[in-house]
Amino acid sequence: YDLATATVSDDYETLLAQNGPRHAFDPNNVLFLGAGLDLDHELDGQPNATATGDDGNNVDDENGVAFPLTALVPGEVVELTVIANADGLLDGWIDFDADGDFEPGERITGVAGDPLVPGENTLTITIPGGATVGSTYARFRFSSVGGLAPTGFVDNGEVEDYRVAISDLDFGDAPDNAVLASDFATLLASNGARHVMTSGPVLGEEVDAELDGQPNGSATGDDTLDASDDEDGVTFLAPLIPGDTINIEVEVSRAAGLLDAWIDLNGDGDWADFGEKVIAAQAVTVGTNALTFNVPFGAKIGASTMRFRVSTAGTPLSTGLAADGEVEDYRVTIHAADFGDAPDSFETRLPPVGDGARHALVANPTVFLGATVDADIDGQADNFALGDDQDLDGDDEDGVTLPAVLLTGSVATITVDYSHATADAVLNAWIDFDGSGSFDMGEEIAIDEPLVAGTVHTLQV
């Protein structure tokens, strides 16, 4: 006889005394699972907690069914590879609710058995959305008759039991209504990004499980789903400005991996356009990783959405299942910016020409010099510092009044007119005293000077 090995529990009915599943060895009709004739014989079932009792008894013949390398995931369709030596019928079950038995609704093959041919066969199954997360067991019976129960006798074939794992998923929370093709794919129905929760790398310190994506307009659905906000892996160190290189810090825990990231650059609600994948298979290690990505000229000003995915193998797409890791979605803003117009030697323009001073412009700005502020695509370098004054956006260089002449050794008063509605605005200012074409150490004439709301500030130089 070939008998089953499932568990130490009596519920799976593995032992002969429980009418456990058993197959007679018929030398005239040898049917077995696996690549070689390794079917062995037992006097009784060999139950243990790992369903390996038969493996350690005589020959290890539990080699007929190959599961995915990842855990089984609720709601997912998976393919099992089943190897048979001859034509026959396969009956199979998985204890999806982990209650210790194989119920009629847990049959994963047809009631009459699924036909197998010699060699590799693919068995496609759907893991129920309500499957219990954790370890559970599967049973497969191969015979010439099919339609077998999880227990009982048949006069040919083989039975194999396996312990398998059912795992949680981490989903994103970018907007998705699962109807419009232009929406971010977040929901399972949209093949949204999802990661099997294993021991692989994660973003930040937290990762939590969801039954489905948690989309909302601010990409915070996952943050507020339960008491654990796991969107803690990415810190933006500067505003997102077209043409700029953006510095971020990415915190990774548990294991090293590969990071992929996308940004919606044209505001069309997807990450499918050219150039919207801004980080590709970037190696990251446990701890804080200092990374950069570029926001190209022409990126649409306004609200946007980013997706970050970390995993062991990397994720070429912003959608679909990953074997481990985590996905985090962020609502971000692409800002217009105000630049200076000093000559290029003062690093007025964006990299790689320079690293020009630039200030992100928010909606309804409340902190600016003078009466107005305008947006520039890049620094407006000019030998007379008039580039921003003479462009099509008008002259916004109206915040500082300088003396007609600065005399060496004398005290000069510079008047700064400004507007701000906060209590923490400060002023920084420089003068190139030595005419070197750069602002050197010692040439900063205002260092984080506090500004009082609604007044004019004076500097004594």
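One table, with the values for the structure above:
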quantity: Odd one out for residue 365, checked against (1) in a loop (DSSP other than H, G, I, E, B); (2) at pLDDT 85 or above; (3) surrounded by 14 or more Cβ atoms within 10 Å (Cβ to Cβ); (4) touching a strand residue (DSSP E or B) at 6+ places or on another chain (Cβ under 9 Å); calculated: (2)
quantity: Number of positions in segment 148-165 that are surrounded by fewer than 16 Cβ atoms within 10 Å (Cβ to Cβ) and over 18 Å from residue 86 (Cβ atoms); calculated: 4
quantity: Residue match in segment 303-311 (condition: closer than 30 Å to residue 68 by Cα, assigned by TED's automatic domain parsing to the domain that holds residue 184 and part of a loop (DSSP other than H, G, I, E, B)); calculated: no
quantity: Identity of the residue in segment 237-250, buried (at least 18 other Cβ atoms within 10 Å of the Cβ) and over 17 Å from residue 338 (Cβ atoms), that ends up farthest from the chain's Cα centre (by Cα); calculated: 246
quantity: Residue match in segment 411-422 (condition: acidic (Asp, Glu), more than 43 Å from the chain's Cα centre (by Cα) and within 26 Å of residue 243 (Cα to Cα)); calculated: no
quantity: Any hit, segment 40-55, residues being modelled with pLDDT under 70, touching a helix residue (DSSP H, G or I) at 6+ places or on another chain (Cβ under 6 Å), assigned to a loop (DSSP other than H, G, I, E, B) and surrounded by fewer than 22 Cβ atoms within 10 Å (Cβ to Cβ); calculated: yes
quantity: Boolean, residue 80 is at pLDDT 95 or above, within 17 Å of residue 35 (Cβ to Cβ) and within 30 Å of the chain's Cα centre (by Cα); calculated: yes
quantity: Unique match (being surrounded by 15 or more Cβ atoms within 10 Å (Cβ to Cβ) and more than 25 Å from residue 458 (Cα to Cα)) among 374, 344, 396; calculated: 344
quantity: Residues that are more than 20 Å from residue 145 (Cβ to Cβ), surrounded by 20 or more Cβ atoms within 10 Å (Cβ to Cβ) and touching a helix residue (DSSP H, G or I) at 6+ places or on another chain (Cβ under 9 Å), drawn from segment 76-116; calculated: 76, 94, 95, 96
quantity: Residue within segment 131-145 that is buried (at least 22 other Cβ atoms within 10 Å of the Cβ), among the aliphatic types (A, V, I, L, M) and over 18 Å from residue 67 (Cα atoms) present; calculated: no
quantity: Some residue of segment 288-302 being within 13 Å of the chain's Cα centre (by Cα), assigned by TED's automatic domain parsing to the domain that holds residue 319 and aromatic (Phe, Trp, Tyr); calculated: no
quantity: Checklist (1) within 25 Å of residue 458 (Cα to Cα); (2) part of a loop (DSSP other than H, G, I, E, B); (3) modelled with pLDDT of 90 or more applied to residue 349, failing item; calculated: (1)
quantity: Residue among 19, 58, 29 that alone is touching a Ser or Thr at 6+ places or on another chain (Cβ under 7 Å) and at pLDDT below 80; calculated: 29
quantity: Exclusive hit being modelled with pLDDT of 90 or more and of a type in the set (Ser, Thr, Tyr), set 419, 410, 436; calculated: 436
quantity: Selection status of residue 102, touching a residue at least 24 places away in the same chain (Cβ under 8 Å), out of contact with any Cys (no Cβ under 6 Å at 6 or more places or on another chain), among the hydrophobic types (A, V, I, L, M, F, W, C) and not in a strand (DSSP E or B); calculated: yes
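The values are calculated or read from the model by the stated rules, or taken from the named source; none is laboratory data. Everything quoted here is computed from the prediction, not taken from an experiment. Cβ atoms come from the backbone with ideal geometry, glycine included; neighbour counts cover every protein chain shown.
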